[in-house]
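Report on the following structure.
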Amino acid sequence: MLADEKTVLLLGGTFNPIHNGHIAMLDSAYEALKPDEVWIMPNGIPAHKEAPVGISAQARLEMVEACLPLLSMSDVVRIETSETHRAEVSFTFQTMLRLHKEYPSYRFIFLIGEDSLDAYDTWVHPEIIAENCELAVCGRDQNSFELLLRKCKAAGDKYHTTFHALNMKLVDVSSTEIRRECQGFWSSYYKMESFPDERKVYDDFREMLMNTLPEAVIQYLYSHRIYADSKAYLEGSSTMNLEDIRKDLKKRLKGSRYEHTLGVMYTCASLAMRYSYPMQDALYAGLLHDCAKYMGADELIKAAEKHDLPITEAERRNPSLLHAKLGAYYAKERYDVTDPQILHAIRVHTTGIPNMNLLDQILFVADYIEPNRDKAKNLTELRNHAFINLDETITMILRDTLAYLDTCNVEIDETTQATYDFYRKLTMGD
Ligand code: DGI
Ligand code: FE
Ligand code: FE
(Lines give C-alpha, C1' and ligand atoms only; values in the text may rest on other atoms or scores of the structure.)
(Ligands and ions follow the chains in the order given, each with its own letter.)
Protein backbone atom coordinates (compact mmCIF):
# COMPACT_ATOMS: atom_id res chain seq x y z
CA MET A 1 0.00 0.00 0.00
CA LEU A 2 1.33 3.44 -0.88
CA ALA A 3 1.76 5.96 1.90
CA ASP A 4 -1.08 8.04 0.55
CA GLU A 5 -3.53 5.15 0.20
CA LYS A 6 -5.76 5.57 3.16
CA THR A 7 -9.14 4.34 4.21
CA VAL A 8 -11.21 7.22 5.49
CA LEU A 9 -14.51 6.85 7.29
CA LEU A 10 -16.76 9.86 6.69
CA LEU A 11 -19.64 11.10 8.80
CA GLY A 12 -21.53 14.08 7.44
CA GLY A 13 -24.37 15.84 9.15
CA THR A 14 -25.80 19.04 10.49
CA PHE A 15 -24.82 18.20 14.08
CA ASN A 16 -27.51 20.47 15.44
CA PRO A 17 -26.32 19.45 17.98
CA ILE A 18 -23.88 16.53 17.91
CA HIS A 19 -25.18 13.91 20.35
CA ASN A 20 -24.53 10.49 21.91
CA GLY A 21 -26.11 8.78 18.88
CA HIS A 22 -23.42 10.25 16.58
CA ILE A 23 -20.70 9.35 19.02
CA ALA A 24 -21.85 5.75 19.42
CA MET A 25 -22.18 5.45 15.65
CA LEU A 26 -18.61 6.67 15.11
CA ASP A 27 -17.20 4.45 17.82
CA SER A 28 -18.82 1.27 16.56
CA ALA A 29 -18.14 2.01 12.90
CA TYR A 30 -14.51 2.63 13.73
CA GLU A 31 -14.34 -0.60 15.70
CA ALA A 32 -15.86 -2.58 12.83
CA LEU A 33 -14.01 -1.04 9.89
CA LYS A 34 -10.72 0.10 11.46
CA PRO A 35 -10.14 2.91 8.95
CA ASP A 36 -6.89 4.89 8.98
CA GLU A 37 -8.74 8.13 9.57
CA VAL A 38 -12.16 9.42 10.49
CA TRP A 39 -13.43 12.69 9.07
CA ILE A 40 -16.44 14.44 10.51
CA MET A 41 -18.07 16.82 8.04
CA PRO A 42 -20.50 19.36 9.50
CA ASN A 43 -22.50 20.74 6.60
CA GLY A 44 -23.90 24.18 6.02
CA ILE A 45 -27.32 23.66 4.52
CA PRO A 46 -28.23 19.97 4.37
CA ALA A 47 -29.90 18.47 1.31
CA HIS A 48 -32.65 16.52 3.03
CA LYS A 49 -33.54 18.75 5.93
CA GLU A 50 -34.40 22.33 6.67
CA ALA A 51 -31.52 24.72 7.18
CA PRO A 52 -30.67 25.19 10.85
CA VAL A 53 -32.25 28.32 12.31
CA GLY A 54 -31.18 30.30 15.35
CA ILE A 55 -27.74 28.72 15.48
CA SER A 56 -24.60 29.56 13.56
CA ALA A 57 -22.51 27.04 11.66
CA GLN A 58 -19.65 28.10 13.92
CA ALA A 59 -21.55 27.08 17.04
CA ARG A 60 -22.40 23.68 15.54
CA LEU A 61 -18.75 23.26 14.63
CA GLU A 62 -17.51 24.22 18.08
CA MET A 63 -19.74 21.59 19.67
CA VAL A 64 -18.30 18.95 17.35
CA GLU A 65 -14.80 20.11 18.32
CA ALA A 66 -15.69 19.80 21.99
CA CYS A 67 -16.55 16.11 21.42
CA LEU A 68 -13.36 15.01 19.68
CA PRO A 69 -11.51 14.02 22.86
CA LEU A 70 -14.42 11.75 23.80
CA LEU A 71 -14.11 9.57 20.72
CA SER A 72 -12.32 6.25 20.99
CA MET A 73 -10.35 7.09 17.81
CA SER A 74 -9.63 10.69 18.82
CA ASP A 75 -6.03 10.47 17.59
CA VAL A 76 -7.08 9.79 13.98
CA VAL A 77 -10.19 11.95 13.72
CA ARG A 78 -10.38 15.33 12.10
CA ILE A 79 -13.10 17.77 11.13
CA GLU A 80 -13.55 18.50 7.44
CA THR A 81 -14.96 22.03 7.37
CA SER A 82 -15.06 22.82 3.68
CA GLU A 83 -18.86 22.70 3.64
CA THR A 84 -19.59 24.04 7.09
CA HIS A 85 -19.81 27.68 6.09
CA ARG A 86 -21.10 27.19 2.55
CA ALA A 87 -24.18 29.17 1.62
CA GLU A 88 -25.50 26.53 -0.77
CA VAL A 89 -27.10 23.18 -0.15
CA SER A 90 -24.56 20.40 0.27
CA PHE A 91 -25.40 17.36 -1.86
CA THR A 92 -23.57 14.19 -0.92
CA PHE A 93 -22.86 13.29 -4.56
CA GLN A 94 -21.04 16.62 -5.03
CA THR A 95 -19.11 16.15 -1.81
CA MET A 96 -18.03 12.66 -2.87
CA LEU A 97 -17.03 13.82 -6.34
CA ARG A 98 -14.95 16.58 -4.84
CA LEU A 99 -13.27 14.36 -2.25
CA HIS A 100 -12.53 11.70 -4.82
CA LYS A 101 -10.95 14.27 -7.11
CA GLU A 102 -8.94 15.83 -4.32
CA TYR A 103 -7.75 12.51 -2.84
CA PRO A 104 -7.82 10.07 -5.77
CA SER A 105 -5.94 7.30 -3.96
CA TYR A 106 -8.10 7.29 -0.82
CA ARG A 107 -10.77 4.73 -0.12
CA PHE A 108 -13.76 6.56 1.36
CA ILE A 109 -16.49 4.89 3.39
CA PHE A 110 -19.53 7.05 3.93
CA LEU A 111 -21.39 6.31 7.15
CA ILE A 112 -25.19 6.39 7.15
CA GLY A 113 -28.08 5.10 9.25
CA GLU A 114 -30.52 2.39 8.21
CA ASP A 115 -33.24 5.00 7.59
CA SER A 116 -31.00 6.62 5.02
CA LEU A 117 -30.34 3.26 3.39
CA ASP A 118 -34.09 2.69 3.08
CA ALA A 119 -34.39 6.03 1.31
CA TYR A 120 -31.15 5.70 -0.66
CA ASP A 121 -32.89 5.48 -4.05
CA THR A 122 -34.39 8.92 -3.47
CA TRP A 123 -31.05 10.64 -2.82
CA VAL A 124 -29.81 12.95 -5.54
CA HIS A 125 -27.57 10.85 -7.82
CA PRO A 126 -27.14 7.81 -5.60
CA GLU A 127 -25.17 6.16 -8.42
CA ILE A 128 -22.57 8.95 -8.40
CA ILE A 129 -22.15 8.60 -4.66
CA ALA A 130 -21.66 4.86 -5.05
CA GLU A 131 -19.09 5.36 -7.81
CA ASN A 132 -16.96 7.40 -5.48
CA CYS A 133 -17.16 5.62 -2.14
CA GLU A 134 -18.35 2.62 -0.19
CA LEU A 135 -21.09 2.98 2.38
CA ALA A 136 -21.42 1.71 5.92
CA VAL A 137 -24.86 1.37 7.43
CA CYS A 138 -25.67 1.46 11.13
CA GLY A 139 -28.66 -0.72 11.90
CA ARG A 140 -31.78 0.67 13.47
CA ASP A 141 -32.34 -2.38 15.55
CA GLN A 142 -29.85 -4.99 16.64
CA ASN A 143 -32.46 -7.76 16.42
CA SER A 144 -32.88 -7.39 12.71
CA PHE A 145 -29.26 -7.54 11.67
CA GLU A 146 -30.06 -10.34 9.24
CA LEU A 147 -32.47 -8.04 7.46
CA LEU A 148 -29.88 -5.26 7.34
CA LEU A 149 -27.36 -7.67 5.83
CA ARG A 150 -29.83 -8.56 3.12
CA LYS A 151 -30.64 -4.91 2.42
CA CYS A 152 -26.95 -4.02 2.18
CA LYS A 153 -26.34 -6.90 -0.17
CA ALA A 154 -29.20 -5.80 -2.42
CA ALA A 155 -28.03 -2.17 -2.43
CA GLY A 156 -24.47 -3.29 -3.17
CA ASP A 157 -25.62 -5.35 -6.15
CA LYS A 158 -27.71 -2.51 -7.46
CA TYR A 159 -25.10 0.23 -7.10
CA HIS A 160 -21.91 -1.79 -7.62
CA THR A 161 -20.17 -0.80 -4.43
CA THR A 162 -19.86 -2.27 -0.96
CA PHE A 163 -22.52 -1.48 1.62
CA HIS A 164 -21.08 -2.58 4.98
CA ALA A 165 -23.73 -3.64 7.47
CA LEU A 166 -22.77 -2.58 10.99
CA ASN A 167 -24.12 -4.56 13.88
CA MET A 168 -24.31 -1.92 16.57
CA LYS A 169 -26.27 -1.18 19.65
CA LEU A 170 -28.91 1.37 18.85
CA VAL A 171 -28.61 4.75 20.57
CA ASP A 172 -31.83 6.47 19.78
CA VAL A 173 -31.35 10.22 20.04
CA SER A 174 -33.19 12.91 18.16
CA SER A 175 -31.66 16.34 17.65
CA THR A 176 -35.12 17.75 17.02
CA GLU A 177 -36.24 16.50 20.41
CA ILE A 178 -33.15 17.97 22.11
CA ARG A 179 -33.81 21.36 20.54
CA ARG A 180 -37.43 21.21 21.63
CA GLU A 181 -36.43 20.36 25.19
CA CYS A 182 -33.96 23.24 25.34
CA GLN A 183 -36.51 25.67 23.97
CA GLY A 184 -39.00 24.58 26.59
CA PHE A 185 -36.39 24.90 29.31
CA TRP A 186 -35.36 28.45 28.40
CA SER A 187 -38.89 29.51 27.75
CA SER A 188 -39.93 28.63 31.30
CA TYR A 189 -36.66 30.09 32.59
CA TYR A 190 -37.42 33.49 31.07
CA LYS A 191 -40.91 33.40 32.52
CA MET A 192 -39.74 32.83 36.10
CA GLU A 193 -40.17 35.69 38.49
CA SER A 194 -37.22 34.88 40.63
CA PHE A 195 -34.47 32.49 39.81
CA PRO A 196 -32.82 29.73 41.77
CA ASP A 197 -29.07 30.10 41.78
CA GLU A 198 -27.04 29.55 38.65
CA ARG A 199 -25.68 26.18 39.81
CA LYS A 200 -29.19 24.82 40.33
CA VAL A 201 -30.29 26.04 36.90
CA TYR A 202 -27.34 24.31 35.29
CA ASP A 203 -27.95 21.11 37.25
CA ASP A 204 -31.57 20.99 36.04
CA PHE A 205 -30.46 21.63 32.47
CA ARG A 206 -27.82 18.92 32.71
CA GLU A 207 -30.24 16.46 34.25
CA MET A 208 -32.62 16.96 31.33
CA LEU A 209 -29.97 16.21 28.69
CA MET A 210 -27.63 13.85 30.48
CA ASN A 211 -28.74 10.71 28.64
CA THR A 212 -28.60 12.18 25.18
CA LEU A 213 -25.62 14.54 25.12
CA PRO A 214 -22.00 14.53 26.26
CA GLU A 215 -21.28 16.90 29.13
CA ALA A 216 -19.14 19.14 26.90
CA VAL A 217 -22.12 19.75 24.60
CA ILE A 218 -24.47 20.35 27.52
CA GLN A 219 -22.06 22.95 28.85
CA TYR A 220 -21.77 24.60 25.47
CA LEU A 221 -25.53 24.73 24.94
CA TYR A 222 -25.95 26.12 28.43
CA SER A 223 -23.28 28.78 28.46
CA HIS A 224 -24.29 30.04 25.00
CA ARG A 225 -27.99 29.55 25.61
CA ILE A 226 -28.35 27.89 22.26
CA TYR A 227 -31.96 27.10 21.27
CA ALA A 228 -33.33 29.75 23.62
CA ASP A 229 -35.07 31.56 20.78
CA SER A 230 -38.55 31.23 22.15
CA LYS A 231 -41.17 33.93 22.27
CA ALA A 232 -40.71 34.27 26.00
CA TYR A 233 -37.06 35.04 25.42
CA LEU A 234 -37.83 37.66 22.78
CA GLU A 235 -40.13 39.42 25.20
CA GLY A 236 -37.06 40.15 27.18
CA SER A 237 -35.07 39.68 30.27
CA SER A 238 -37.03 42.27 32.25
CA THR A 239 -40.59 43.55 32.34
CA MET A 240 -39.09 46.93 31.42
CA ASN A 241 -38.09 47.27 27.81
CA LEU A 242 -34.69 48.56 26.75
CA GLU A 243 -36.15 51.84 25.58
CA ASP A 244 -37.69 52.72 28.96
CA ILE A 245 -34.49 51.84 30.79
CA ARG A 246 -32.48 53.92 28.34
CA LYS A 247 -34.69 56.96 28.95
CA ASP A 248 -34.32 56.59 32.69
CA LEU A 249 -30.53 56.29 32.46
CA LYS A 250 -30.34 59.32 30.21
CA LYS A 251 -31.78 61.36 33.05
CA ARG A 252 -29.47 59.93 35.70
CA LEU A 253 -26.09 59.64 34.00
CA LYS A 254 -23.96 62.50 32.79
CA GLY A 255 -23.65 62.88 29.01
CA SER A 256 -20.36 61.08 28.40
CA ARG A 257 -21.27 58.21 30.75
CA TYR A 258 -24.59 57.83 28.94
CA GLU A 259 -22.81 57.71 25.57
CA HIS A 260 -20.38 55.13 27.01
CA THR A 261 -23.34 53.07 28.19
CA LEU A 262 -24.85 52.99 24.70
CA GLY A 263 -21.45 52.10 23.23
CA VAL A 264 -21.11 49.19 25.65
CA MET A 265 -24.64 48.06 24.87
CA TYR A 266 -24.02 47.85 21.12
CA THR A 267 -20.60 46.32 21.56
CA CYS A 268 -22.13 43.65 23.80
CA ALA A 269 -24.60 42.85 21.04
CA SER A 270 -21.80 42.61 18.47
CA LEU A 271 -19.80 40.25 20.64
CA ALA A 272 -22.95 38.25 21.35
CA MET A 273 -23.36 37.77 17.59
CA ARG A 274 -19.77 36.60 17.31
CA TYR A 275 -19.83 34.22 20.26
CA SER A 276 -23.41 32.90 20.00
CA TYR A 277 -25.05 34.44 23.04
CA PRO A 278 -28.66 35.74 23.07
CA MET A 279 -28.36 39.36 21.96
CA GLN A 280 -31.27 40.61 23.98
CA ASP A 281 -29.61 39.59 27.24
CA ALA A 282 -26.29 41.07 26.15
CA LEU A 283 -28.05 44.37 25.38
CA TYR A 284 -29.57 44.48 28.87
CA ALA A 285 -26.22 43.75 30.51
CA GLY A 286 -24.47 46.47 28.49
CA LEU A 287 -27.17 49.08 29.01
CA LEU A 288 -27.32 48.55 32.77
CA HIS A 289 -23.71 47.82 33.68
CA ASP A 290 -22.90 51.35 34.92
CA CYS A 291 -26.40 52.24 36.13
CA ALA A 292 -25.00 53.13 39.58
CA LYS A 293 -22.17 55.21 38.18
CA TYR A 294 -23.93 58.55 38.83
CA MET A 295 -23.16 58.23 42.54
CA GLY A 296 -20.14 59.60 44.36
CA ALA A 297 -17.92 57.64 46.77
CA ASP A 298 -19.85 58.47 49.95
CA GLU A 299 -23.15 57.87 48.25
CA LEU A 300 -22.02 54.45 47.04
CA ILE A 301 -20.97 53.39 50.55
CA LYS A 302 -24.20 54.67 52.06
CA ALA A 303 -26.35 52.97 49.45
CA ALA A 304 -24.47 49.67 49.83
CA GLU A 305 -24.95 49.81 53.61
CA LYS A 306 -28.60 50.71 53.25
CA HIS A 307 -29.26 47.72 51.01
CA ASP A 308 -27.16 45.36 53.13
CA LEU A 309 -24.65 44.69 50.38
CA PRO A 310 -21.38 43.41 51.85
CA ILE A 311 -18.50 45.88 51.47
CA THR A 312 -14.95 44.54 51.32
CA GLU A 313 -11.98 46.35 52.88
CA ALA A 314 -10.68 47.18 49.41
CA GLU A 315 -14.05 48.66 48.46
CA ARG A 316 -14.06 50.82 51.59
CA ARG A 317 -10.71 52.23 50.60
CA ASN A 318 -11.78 52.56 46.98
CA PRO A 319 -15.57 52.99 46.91
CA SER A 320 -15.84 53.50 43.14
CA LEU A 321 -15.42 49.74 42.79
CA LEU A 322 -18.84 49.45 44.44
CA HIS A 323 -20.68 50.75 41.39
CA ALA A 324 -20.57 47.22 39.97
CA LYS A 325 -22.19 45.53 42.95
CA LEU A 326 -24.68 48.32 43.39
CA GLY A 327 -25.38 48.34 39.65
CA ALA A 328 -26.42 44.68 39.86
CA TYR A 329 -28.65 45.56 42.81
CA TYR A 330 -30.39 48.37 40.92
CA ALA A 331 -30.68 46.27 37.78
CA LYS A 332 -32.73 43.85 39.82
CA GLU A 333 -34.69 46.19 42.07
CA ARG A 334 -35.17 49.24 39.91
CA TYR A 335 -35.11 47.80 36.41
CA ASP A 336 -36.65 44.45 37.18
CA VAL A 337 -33.95 42.26 35.69
CA THR A 338 -34.22 38.77 37.15
CA ASP A 339 -31.83 36.81 34.97
CA PRO A 340 -28.92 35.76 37.20
CA GLN A 341 -26.42 35.77 34.34
CA ILE A 342 -27.11 39.41 33.54
CA LEU A 343 -26.92 40.39 37.21
CA HIS A 344 -23.72 38.43 37.64
CA ALA A 345 -22.09 40.04 34.61
CA ILE A 346 -22.88 43.50 35.97
CA ARG A 347 -21.64 42.59 39.44
CA VAL A 348 -18.22 41.44 38.23
CA HIS A 349 -17.69 43.90 35.37
CA THR A 350 -15.06 46.10 37.03
CA THR A 351 -12.63 43.63 38.58
CA GLY A 352 -13.60 40.59 36.56
CA ILE A 353 -13.56 37.25 38.33
CA PRO A 354 -11.54 34.11 37.59
CA ASN A 355 -13.28 31.79 35.12
CA MET A 356 -15.97 34.21 33.96
CA ASN A 357 -18.99 32.86 32.15
CA LEU A 358 -19.62 33.92 28.57
CA LEU A 359 -21.79 36.95 29.27
CA ASP A 360 -19.37 38.16 31.99
CA GLN A 361 -16.60 38.03 29.41
CA ILE A 362 -18.62 39.81 26.75
CA LEU A 363 -19.49 42.67 29.10
CA PHE A 364 -15.99 42.92 30.54
CA VAL A 365 -14.47 43.25 27.09
CA ALA A 366 -17.20 45.51 25.65
CA ASP A 367 -16.73 47.92 28.56
CA TYR A 368 -13.10 48.34 27.60
CA ILE A 369 -13.29 48.50 23.81
CA GLU A 370 -16.57 50.32 23.11
CA PRO A 371 -16.23 53.01 20.42
CA ASN A 372 -16.15 56.04 22.75
CA ARG A 373 -13.12 54.82 24.68
CA ASP A 374 -9.95 56.58 23.58
CA LYS A 375 -7.51 56.65 26.48
CA ALA A 376 -6.36 53.07 26.88
CA LYS A 377 -3.30 51.65 25.15
CA ASN A 378 -3.61 48.98 22.46
CA LEU A 379 -7.25 49.74 21.65
CA THR A 380 -6.85 49.00 17.96
CA GLU A 381 -5.39 45.59 18.70
CA LEU A 382 -7.91 44.82 21.44
CA ARG A 383 -10.89 45.83 19.30
CA ASN A 384 -9.79 43.40 16.64
CA HIS A 385 -8.72 40.60 18.93
CA ALA A 386 -11.98 40.72 20.91
CA PHE A 387 -13.63 39.12 17.89
CA ILE A 388 -10.95 36.45 17.62
CA ASN A 389 -10.30 35.21 21.16
CA LEU A 390 -12.01 36.42 24.32
CA ASP A 391 -9.67 34.77 26.85
CA GLU A 392 -6.62 36.33 25.25
CA THR A 393 -8.30 39.71 25.00
CA ILE A 394 -9.19 39.59 28.68
CA THR A 395 -5.58 38.77 29.55
CA MET A 396 -4.37 41.78 27.58
CA ILE A 397 -6.97 44.09 29.09
CA LEU A 398 -6.07 43.05 32.64
CA ARG A 399 -2.36 43.32 31.95
CA ASP A 400 -2.87 46.91 30.74
CA THR A 401 -5.29 47.76 33.56
CA LEU A 402 -2.91 46.51 36.23
CA ALA A 403 -0.01 48.40 34.65
CA TYR A 404 -2.15 51.53 34.52
CA LEU A 405 -3.30 51.21 38.14
CA ASP A 406 0.31 50.73 39.14
CA THR A 407 1.30 54.06 37.57
CA CYS A 408 -1.59 55.75 39.41
CA ASN A 409 -0.37 54.24 42.65
CA VAL A 410 -3.80 52.98 43.62
CA GLU A 411 -4.53 49.78 45.44
CA ILE A 412 -5.20 46.76 43.28
CA ASP A 413 -8.21 44.73 44.31
CA GLU A 414 -7.32 41.11 44.94
CA THR A 415 -10.06 39.96 42.59
CA THR A 416 -8.56 41.96 39.73
CA GLN A 417 -5.17 40.37 40.41
CA ALA A 418 -6.68 36.89 40.75
CA THR A 419 -8.56 37.35 37.48
CA TYR A 420 -5.39 38.37 35.67
CA ASP A 421 -3.48 35.41 37.12
CA PHE A 422 -6.24 33.06 36.03
CA TYR A 423 -6.42 34.33 32.43
CA ARG A 424 -2.68 34.65 32.03
CA LYS A 425 -2.28 31.02 33.07
CA LEU A 426 -5.15 29.96 30.83
CA THR A 427 -3.82 31.69 27.72
CA MET A 428 -0.08 31.60 28.25
CA GLY A 429 0.29 28.64 30.55
CA ASP A 430 2.43 30.29 33.22
O1 DGI B 1 -17.14 52.02 34.96
P2 DGI B 1 -16.20 52.17 33.81
O3 DGI B 1 -15.32 53.36 33.94
O4 DGI B 1 -16.87 52.12 32.51
O5 DGI B 1 -15.25 50.89 33.82
P6 DGI B 1 -14.96 49.91 35.03
O7 DGI B 1 -16.21 49.53 35.69
O8 DGI B 1 -14.11 48.81 34.48
O9 DGI B 1 -14.14 50.77 36.02
C10 DGI B 1 -12.90 51.17 35.53
C11 DGI B 1 -12.06 51.68 36.60
O12 DGI B 1 -11.93 50.74 37.66
C13 DGI B 1 -10.70 51.89 36.01
O14 DGI B 1 -10.27 53.19 36.32
C15 DGI B 1 -9.88 50.86 36.64
C16 DGI B 1 -10.61 50.62 37.93
N17 DGI B 1 -10.23 49.33 38.51
C18 DGI B 1 -10.35 48.10 38.00
N19 DGI B 1 -9.80 47.21 38.82
C20 DGI B 1 -9.35 47.92 39.90
C21 DGI B 1 -9.63 49.26 39.70
N22 DGI B 1 -9.32 50.22 40.58
C23 DGI B 1 -8.68 49.86 41.69
N24 DGI B 1 -8.35 50.78 42.55
N25 DGI B 1 -8.35 48.57 41.96
C26 DGI B 1 -8.67 47.57 41.09
O27 DGI B 1 -8.34 46.42 41.35
FE1 FE C 1 -18.18 50.26 35.30
FE1 FE D 1 -18.49 50.98 31.93
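Below is a table of values for the structure above.
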read-out: Rounded accessible area per residue of the range 282-337, 1.4 Å, Å²; value: 43
read-out: Inter-part distance where the range 20-36 and the range 38-65 are each reduced to a Cα centre, Å; value: 19
read-out: Convex hull of the chain built on C-alpha atoms - directionally averaged projected area, nm²; value: 24.1
read-out: Spherically averaged projected area in nm², based on the convex hull that wraps the Cα atoms of the range 111-178; value: 4.8
read-out: Local electrostatic count at residue 312 - Lys and Arg +1, Asp and Glu -1, tallied over other residues with Cβ under 15 Å; value: -3
read-out: Three-way shape call for the range 19-173 based on the alpha-carbon gyration tensor, with the a/c threshold at 1.5; value: rounded
read-out: Residue with peak Gaussian network fluctuation, the chain [Cα springs, cutoff 10 Å], from 348, 38, 76; value: 76
read-out: Amide H within-cut-off set for residue 123, under 5 Å, with H built and near neighbours excluded; value: none
read-out: Contact order normalised by residue count of the chain, Cα under 8 Å, 6+ apart, percent; value: 12
read-out: Dipole in debye (nearest 20) - the range 1-145, about Cα centre, beta carbon charges: Lys, Arg +1; Asp, Glu -1; value: 240
read-out: Within the accessible area of the range 298-430 (1.4 Å probe), percent carbon and sulfur; value: 49
read-out: Protection-proxy order for peptides 392-404, 215-227, 335-347, 169-181, each taking the mean of Cβ atoms within 10 Å per residue, highest first; value: 335-347, 215-227, 392-404, 169-181
read-out: Cα convex hull of the range 195-294 - mean projected area over all directions, nm²; value: 7.4
read-out: Sequence of 151, 302, 158 from largest to smallest accessible area, 1.4 Å probe; value: 302, 158, 151
read-out: Nearest-20 debye value, the chain charge dipole, Cβ charges on Lys, Arg, Asp, Glu; value: 980
read-out: Residue 377 - accessible surface, heavy atoms, 1.4 Å probe, Å² rounded to 10; value: 130
read-out: Sequence-separation-based contact order of the range 63-173, relative, with Cα cut under 8 Å and 6+ spacing, percent; value: 22
read-out: Selection from 84, 189, 73, by position along the positive dipole direction of the range 70-194 (Cβ); value: 73
read-out: 14 Å beta-carbon shell around residue 411, net charge (K/R +1, D/E -1); value: -3
read-out: Farthest toward positive dipole pole in the range 191-338 [+1 Lys/Arg, -1 Asp/Glu at C-beta], among 282, 213, 301; value: 301
read-out: Å² of accessible area per residue within the range 345-430, as computed with a 1.4 Å probe and no ligands counted; value: 51
read-out: Antiparallel %, DSSP beta bridges [both residues in the chain], to 5; value: 5
read-out: Extent along principal axes [Cα atoms of the range 268-404; Å; largest to smallest]; value: 42, 33, 27
read-out: Residue-averaged 222 nm ellipticity for the chain, from DSSP H runs of 4+ at -39500 (n - 2.57), nearest 500; value: -16500 deg cm²/dmol
read-out: Rg(Cα)/(2.2 N^0.38 Å) for the range 1-85, N = residue count; value: 1.12
read-out: Distribution of pairwise C-alpha distances over the range 125-259, 5 Å bins, in %; value: 2, 8, 12, 11, 9, 9, 9, 10, 8, 6, 4, 3, 3, 3, 2, 0
read-out: Dipole magnitude of the range 8-65 about its Cα centre (Cβ charges: Lys, Arg +1; Asp, Glu -1), debye to nearest 20; value: 200
read-out: Alpha-carbon centroid distance for the pair the range 111-139 / the range 279-334, whole angstrom; value: 60
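The values are calculated or read from the model by the stated rules, or taken from the named source; none is laboratory data. Everything numeric here is computed off the predicted structure, so don't read it as measured data. Neighbour counts run over all protein chains shown; Cβ positions are idealised from the backbone, glycine included. Side chains are part of the model used for accessible areas, which takes the heavy atoms of the whole protein and leaves out ligands, DNA and RNA. Shrake-Rupley method; radii C 1.70, N 1.55, O 1.52, S 1.80 Å.
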